[in-house]
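Any read-out appearing in this document is the output of simple, stated calculations on the displayed coordinates, not a laboratory observation. Keep in mind that this is a model prediction, so the values were computed, not measured. No Cβ is skipped: glycine too gets one built from the backbone with ideal geometry, and neighbour counts run over all protein chains shown.
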Amino acid sequence: MTCVLLKAVVESDERADLRQFSRILQLGEKRYLLRNDILDAFADYCRDQERPVPPPSESRLSKLVFYTQEIIVDNESLCWIVRPRIAQQEVCRLLVEDLTIVPMTIPELLDLRDRLVNHYHPNEGDVFEIDVQPFYDYSPIIRDAKNIGKGVEFLNRYLSSKLFQDPRQWQQNLFNFLRIHRYNGYQLLINERIRSPQHLSEQVKQALVVLSDRPPTEAYSEFRFELQNLGFEPGWGNTVARVRDTLEILDQLLDSPDHQVLEAFVSRIPMLFRIALISPHGWFGQEGVLGRPDTGGQVVYILDQVKSLEKQMREDLELAGLGVLEAQPKIIVLTRLIPNAEGTLCNQRLEKIYGTNDAWILRVPFREFNPKVTQNWISRFEIWPYLETFAIDAERELRAEFGHVPDLIIGNYSDGNLVAFLLARRLKVTQCNIAHALEKSKYLFSNLYWQDLEDKYHFSLQFTADLIAMNAANFIISSTYQEIVGTPDSIGQYESYQSFTMPDLYHVVNGIELFSPKFNVVPPGVNEQVYFPYYHYTERLEGDRQRLEELLFTLEDPQQIYGYLEAPEKRPLFSMARLDRIKNLTGLAEAFGRSKALQERCNLILVAGKLRTADSSDREEIAEIEKLYQIIHQYNLHGKIRWLGIRLPKADSGEIYRIIADRQGIFVQPALFEAFGLTILEAMISGLPTFGTRFGGPLEIIQDGVNGFYINPTHLEEMAETIVRFLEACDRDPQEWQRISKAGIERVYSTYTWKIHCTRLLSLAKIYGFWNFSSQENREDMMRYMEALFHLLYKPRAQALLAEHLQR
Ligand code: UDP
Ligand code: LCN
């Protein structure tokens, strides 16, 4: 690996500076410096030199520091891990003495990391290396990092150009593909009267002649049998115009194919009738579950996605002319059944999803290995032993409910994606993954210190499951670009799986190909029936408004509310999240506590989890509850803060954002890391100026200063100042609040709707399904490798955890 940036400094007149800075690091206390530590150390260095930190454009050293992700101090040398460009890493050892640069390989780096934590034992044999690169070597790879996340466009172009080179084979392939589609045993698209690709081409031309003098709006049922005689079954369109259009596209594809035409054609093929979404952990339900540990945005995301998907699928099937077969989509969200459901419906096998025709939550119990465990909610960090048997039982139930196998399986989060892998493999169905949040980047050093954390978090299982599922998936949808490959100065969530060590367990030399076309950015939307701008007064219910105003600002109910407001008329500074450590509501409370300026202007209103530790069984939640009380007392926030320890029904949460907006309040999302952040969308569409963490998805949703603001939750004073600055601007110009509010609303409507999401998702599923059919053999070796990891690595560890659970 060449270290271009490091070399440039060594060869420049900043050489002495580099040496001095390296020497300081070498003598410092920290052996392992992360980016923030490095930036801070460099700022200190410059201060000691009595000069400002030079911008990266003016100093080679500054540029190097800016792009350095980590530095490991190793006796006489420093190991620099530099990320000069998105998704690219260079590792070099720099001898401090004479500034010699020695490039390092990934295995060397992983060994060094092991050594750092005293888990390097070369005399005991080689560590197990995981490397998926060979399997990607002969699959198409995107070249430009800009295009990462636009997988399907690339794949289409690439594979089409390969396929189209041999017109005969291409036509045969398409012909075979058209023959496989059925709905409830009924043949679709073409029947056995069409005998060959050549014959197909002739019949298409003939069908076009037959249709040429019929009125464009005539319904398909009127000419269905005429087309059937020519060899065409339902699936081409619902009117003359639509059928003609589709046949013309096919005609073009057969004669002079191109990738855009192929995409347009495949997107029209009715091949998705039944979709299974997998989300085993947490409390999955429609009421009384949000805000519990493990039940947050993922549940909201899936339920809204299902509603929109069903609508879109119905429209697509209707447009394809499948009304004649009364074809209807069916969607099942598969989750676990929790016998002790604590007042929720999580112990009910089937639950219809509101606002849908045929979409259901199907709950399948974990097997009763130890009823004391399996009867109850199990934290997402603990459920690994139950997933394989869950997949086996769920397969039977899914088949029974669908009366068929699903056409697409979408996994959610690490556990759901693993089950999706197991099911998709058994059922031979396209697998799509959605991460929501990969814990690896959420918890600092989660892999390096996995052994210390194993007891609580079981990351060894989770990261292995992640590796298996992400490599096995036919395609992955991510909510943001940075979820895949980060930003110029921070690494992406998937990127963090590229190489890492799990000391004493394995080394991942190459865990995922980030340039693979399997990645597609498809952000979620927001439920526009529940969350809408505060000034849509006619859609708001006065009764709700009054009730929730009281709840927010004045109601005295110690069971669910802590705190009162001395001056309820002050501008509300609002936040809502689960009480996870990462959500950092305690950080916001502390920032508020430390800032007199904020306290003068605002009240802090938090909707968060519970008020009593005795009511929680989640260790992070308990710790956060204690911390929040401590902050309130330490900064004497009495009279200035209200903490609502309640679970809001969804409709109420929509109105709550609007009530805050009525009072020209603001929304703050202070998470230490947020994978995406649905509350950001909800707040923005409601018209609340929103301050979102700069770590994670909000960085892509919000455009700083245009339709919201970034905050750095690790610098509490700075965070408070950013908010105060906006409030001062609002004092100077009353239009300022309106300006940001309006721009936030526009941002969501233009970019984050479920309609955009579902259209894209369905089209992706069809196109990957097509390519899966056309180039199946290329993936089998990868799948075998993933199976081996599952059986040889994952399963023994899962069984060991099960043994622990049996002791409880
Ligand atoms: N939510 C809620 N009540 C709560 C806490 C959260 O209704 O007490 C909802 C919130 O409106 C949002 C979701 O839960 O729709 C949280 O999603 P987000 O993506 O912001 O975070 P996550 O919890 O998934 O990490
Ligand atoms: C999980 C998270 O942590 C959030 O950041 C996302 O918004 C949510 O899932 C939905 O994808």
Give me the tail of P(r) for the chain as a percent: Cα-Cα pairs with distance above 46 Å.
29 percent
With axes computed from alpha carbons, what is the tilt in degrees of helix 297-319 against the longest principal axis of the chain, rounded to the nearest 10 within 0 to 90?
20 degrees
Give me the one-decimal nm value for the distance between modelled label points at ALA597 and TYR186, 7 Å along each residue's Cα-to-Cβ direction.
6.8 nm
Going through LYS428/LYS766; LYS307/LYS428; LYS307/LYS650; LYS442/LYS795 one by one, the pairs whose alpha carbons sit over 20 Å apart turn out to be LYS307/LYS428; LYS442/LYS795
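Taking Cα pairs under 8 Å and at least six residues apart, what relative contact order does the chain come out at, in percent?
Relative CO of the chain lands at 12 percent.
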Along segment 348-364, Karplus-curve 3J(HN,Hα) (6.51, -1.76, 1.60; θ = phi - 60°) to the nearest Hz, with x for Gly and Pro, reads 9, 4, 10, 9, 6, 7, 3, x, 10, 8, 8, 10, 9, 9, 10, 10, 10
Nearest 10 degrees, 0 to 90: what angle lies between the long axis of helix 754-774 and the longest principal axis of the chain (Cα atoms)?
60 degrees
By how many degrees, 0 to 90 and rounded to 10, does the Cα axis of helix 585-594 deviate from the longest principal axis of the chain?
40 degrees
Short version: ³J(HN,Hα) in whole Hz for each residue of segment 693-706, in order, from phi by Karplus 6.51 cos²θ - 1.76 cosθ + 1.60 (θ = phi - 60°), x for Gly and Pro, what are they?
4, 7, 9, x, x, x, 4, 8, 6, 8, 10, 3, x, 9
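Given Cα pairs under 8 Å that are at least 6 residues apart, what percent is the relative contact order of segment 669-808? Please report the intermediate quantities before stating the final value.
Working: 119 pairs, mean separation 27.4, N = 140.
Once normalised by length, the contact order is 20 percent.
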Taking 7 Å along the Cα-to-C-beta vector as the label spot, tell me the ASP452-ASP13 distance in nanometres, rounded to one decimal.
4.5 nm
Order of HIS757, HIS181 - criterion: other Cβ atoms within 10 Å of each residue's Cβ, fewest first
HIS181, HIS757
Please list, or write none, the lysines whose alpha carbon is within less than 23 Å of the alpha carbon of LYS63, excluding same-chain residues fewer than 8 places away.
LYS7, LYS30, LYS146
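What list do you get for ASP251, ASP137 if you sort them by fewest beta carbons within 10 Å?
On the way: ASP251 17, ASP137 9.
In increasing order of surrounding Cβ atoms, one gets ASP137, ASP251.
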Treating cross-link reach as a plain straight distance, find the lysines whose alpha-carbon is under 24 Å from the alpha-carbon of LYS570, omitting any fewer than eight places away in the same chain.
LYS596, LYS640, LYS742
In the chain, taking the dipole from +1 charges on Lys and Arg beta carbons and -1 charges on Asp and Glu beta carbons about the Cα centre, the listed residue (ASN176, LEU565, TYR785) farthest towards the positive end is ASN176
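Treat the count of other C-beta atoms within 10 Å as a stand-in for reagent exposure and order LEU764, LEU99 from fewest to most.
Values: LEU764 23, LEU99 17.
Ascending Cβ contact count within 10 Å gives the list LEU99, LEU764.
Taking 0.36 nm per residue of separation and subtracting the Cα-Cα distance, what length does fully extending ASP131 through HIS199 add? Provide the component values of the computation, followed by the final result.
Numbers: separation 68, 0.36 × 68 = 24.48 nm, distance 4.64 nm.
Going from the current span to full extension adds 19.8 nm.
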Simple SL model, points at 7 angstrom along Cα→Cβ for ILE756 and ASN347; separation in nm is 4.4 nm
Could you pull the Cα extents of segment 151-268 along its three principal axes, largest to smallest, in whole Å?
40, 28, 26
Here the FRET efficiency for GLN206 versus GLU326, based on Cβ atoms and R0 = 35 Å and rounded to 0.05, is 0.75
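Take the Cα gyration tensor of segment 1-148, multiply each eigenvalue by 5, square-root it, and list the three semi-axes largest first, rounded to whole angstrom. Could you put the intermediate results ahead of the total?
Details: eigenvalues 163, 92, 33 Å².
So the equivalent ellipsoid measures 29, 21, 13 Å along its semi-axes.
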Rg ratio (alpha-carbon, reference 2.2 N^0.38 Å) - segment 537-752:
0.94
Can you compute the FRET efficiency between ASN118 and GLU318 using 1/(1 + (r/R0)^6), with r the Cβ-Cβ distance and R0 = 45 Å? Round to the nearest 0.05.
0.10
Report, ordered by chain and residue number, the aspartates and glutamates lying within cross-link reach of LYS627, taken as a straight Cα distance under 17 Å and ignoring same-chain residues fewer than 8 apart.
ASP580, GLU590, ASP615, ASP618
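Counting only DSSP beta bridges with both residues in the chain, what percent are antiparallel, rounded to the nearest 5? All intermediate terms of the calculation are to be shown ahead of the outcome.
On the way: 33 of 83 bridges.
Here the antiparallel bridges make up roughly 40 percent for the chain.
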Taking amide H atoms as placed 1.01 Å from N in the peptide plane, list the residues 5 or more away in sequence, or in a different chain, whose amide H sits under 5 Å from that of LEU337.
VAL364, PHE366
Under a Cβ-only charge scheme (Lys and Arg +1, Asp and Glu -1), can you give me the dipole magnitude of the chain about the Cα centre, in debye to the nearest 20?
1220 debye
